[in-house]
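Remarks on the structure that follows.
The values are calculated or read from the model by the stated rules, or taken from the named source; none is laboratory data. Fair warning: this is a prediction, and the values are worked out from it, not measured in the lab. Quick reminder, even Gly has a Cβ in these numbers, built from the backbone with ideal geometry, and neighbours come from all protein chains shown. All accessible areas refer to the heavy atoms of the entire protein, side chains included, with ligands and DNA or RNA removed. Shrake-Rupley method; radii C 1.70, N 1.55, O 1.52, S 1.80 Å.
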Amino acid sequence: MNILVLNCGSSSVKFQIIETDLDLIEKNFDKRLASGIIERVGSQSLITLQADGKQKLKQATALRDHRAAIDYILRWIISPNANIANIISLADIHAVGHRVVHGAEKFTKSVLIDDEVIEGIEDCIELAPLHNPANVKGINVARELLGTGIPQVAVFDTAFHSTMPETSYLYALPYQLYRRYKIRRYGFHGTSHRYVAYRYRQLLKIEREQTNIITIHLGNGCSACAIKNGNSVDTSMGMTPLEGLVMGTRSGDIDPSISYFIHHKEGLSFDELGVMFNKQSGLLGVSGLTNDMRELIDEETEHQDRRATLAIDMFCLRVKKYIGAYLAELGGSDAIVFTGGIGENSAIIRERICNGLEFFGLTIDKNRNGEMFGGKEGEISVANSKLKAFVIPTNEELLIARDTVRTVKNVPRRW
Ligand code: ADP
């Protein structure tokens with residue numbers, strides 16, 4: 001089956017076409033046929049498109065909304081210009097898999113989309129006002145442009161964490177707030193943590209139930225996940241993706257009193273505080289320079305910028321604290337697995353995080369660590385390290401495509 005994977009953000013649409021099916025999943029033979037991204041939807045949009053094995057195309061044109069963006073993508077997909085293997089008309093797209101950010105308590109696994117599911121996703125908008133509306137738009141537009149005859153599947157960022165026990169997911173707030181408004185921790189990046197855990201068990205040739213690891217996703221957004229017997233038992237993001245690790249522009253954990261303190265001192269409204277914690281904090285806020293880890297490392301190396309170093313050190317310390325907490329919570333773990341743009345590519349950040357974890361039995365192999373970037377996968381700890389460390393590139397789109405096939409064919413997922 002050719003699966004169109006759609007990831008609609010508030011002002012962007014990312015897509016991939018992946019050829020996959022039950023037998024291809026089994027053999028790991030599924031492959032990407034094309035990919036692309038449209039940024040700045042709603043104004044002069046930047047478009048990047050690529051059929052696999054062919055040249056990348058970059059264009060700029062005004063696209064008014066998500067409908068115009070998805071329409072643009074579909075037209076390109078079937079154009080002779082794109083020349084995508086096996087795709088001649090829209091009938092060659094057999095199903096669509098949507099990344100949906102928040103599934104709340106309602107969606108604990110991927111589901112076939114119908115009117116009731118759309119309503120359910122809309123119900124979650126309150127919990128993810130920045131993300132779910134765009135996801136719903138993507139679903140409605142794809143239904144409209146491709147027809148309701150093409151099955152569509154929703155894959156939720158929160159679903160993998162639905163196995164967390166209430167001791168992990170509840171906040172120590174008045175219990176009725178949970179009852180009334182479902183205020184609790186949900187966790188995000190679930191598709192990434194699940195994919196990485198799956199690849200880990202494939203690499204080690206072990207069963208899902210034998211998977212006891214801590215996965216660390218470090219991209220623009222960052223989160224850690226404690227996985228016991230194959231299930232997420234704790235994760236660092238909370239009711240929203242703001243909690244936990246220090247991120248590119250998000251603060252991660254802070255004392256909640258800070259919000260009303262600043263509110264009184266500077267007269268910021270709660271919406272403005274939300275912007276500050278989500279968009280002006282984290283690496284950007286501390287360094288005063290950038291949210292981009294690569295640039296911060298360059299600033300540190302080339303100009304010995306004090307606040308660049310401070311931001312990087314705070315970033316690494318927060319990850320280390322979560323590793324320590326999860327090792328205690330899990331009663332030990334077999335491995336720490338790094339993923340995401342920073343986790344996959346930056347040996348120096350991985351080393352700074354793992355420095356001092358020898359106490360837990362983790363020793364990094366500097367050579368192996370230094371060689372792990374650009375999509376490579378493997379162990380970065382020394383041969384006899386009691387606690388191991390790995391780098392495993394994430395592939396959320398592949399997992400969405402695979403879940404789409406399994407859901408359409410009604411085959412229970414085994415990750
Ligand atoms: P997103 O969360 O948006 O998917 P990515 O997973 O692509 O983002 O991660 C983006 C982050 O990865 C940026 O901070 C970028 O600087 C960082 N990054 C990418 N390559 C490197 C590298 N070689 N060294 C350090 N950081 C890197």
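Per residue, segment 205-391 exposes an accessible area of 47 Å² to a 1.4 Å probe, with every protein chain left in place.
Ordered from highest to lowest accessible area with the whole protein assembly present and a 1.4 Å probe, Ile400, Ile150 read as Ile150, Ile400. Surface composition of the chain: carbon and sulfur make up 51 percent of the accessible area, probe 1.4 Å.
Pairs of Cα atoms nearer than 8 Å and 6+ residues apart set the relative contact order; for the chain it is 14 percent.
What separates the Cα centres of segment 74-109 and segment 180-239 is a distance of 25 Å. Here the relative contact order of segment 220-276, from alpha carbon pairs under 8 Å that lie six or more residues apart, stands at 22 percent. Helix 293-303 and the long axis of the chain differ in direction by around 50°, with both axes built from C-alpha atoms. Looking at segment 55-179, the accessible area is 50 square angstrom per residue; that uses a 1.4 Å probe and ignores ligands, DNA and RNA. For the chain, a/c is less than 1.5, where a ≥ b ≥ c are the root eigenvalues of the C-alpha gyration tensor. That puts it in the rounded class. Counting 0.36 nm for each residue step from Phe373 to Arg413 and taking away their Cα separation leaves a gain of 11.4 nm.
Would segment 262-406 count as rounded, prolate or oblate if I go by the C-alpha gyration tensor, calling it rounded below 1.5 in a/c and otherwise prolate when a/b exceeds b/c, oblate otherwise? Mind dumping the intermediate values first?
On the way: a/c = 1.70, a/b = 1.42, b/c = 1.20.
Prolate, because a/c is 1.5 or more and a/b exceeds b/c.
As I understand it, the value is the acute angle between the Cα axis of helix 257-266 and the longest principal axis of the Cα atoms of the chain; what does it come to in degrees, rounded to 10? That works out to roughly 80 degrees.
Computed extension gain for Leu273 through Asp123, at 0.36 nm per residue and net of the alpha carbon distance, reaches 51.6 nm. Taking square-rooted eigenvalues a ≥ b ≥ c of the alpha carbon gyration tensor, is segment 210-317 rounded, prolate or oblate, where a/c under 1.5 means rounded and, failing that, a/b exceeding b/c means prolate? Verdict is oblate for segment 210-317.
A simple spin-label model places pseudo-atoms 7 Å from Cα toward Cβ; at Ile258 and Glu39 they are separated by 2.7 nm. Using the Cβ-Cβ distance between Lys265 and Ser89 with R0 = 56 Å, the FRET efficiency computed as 1/(1 + (r/R0)^6) comes to roughly 0.40.
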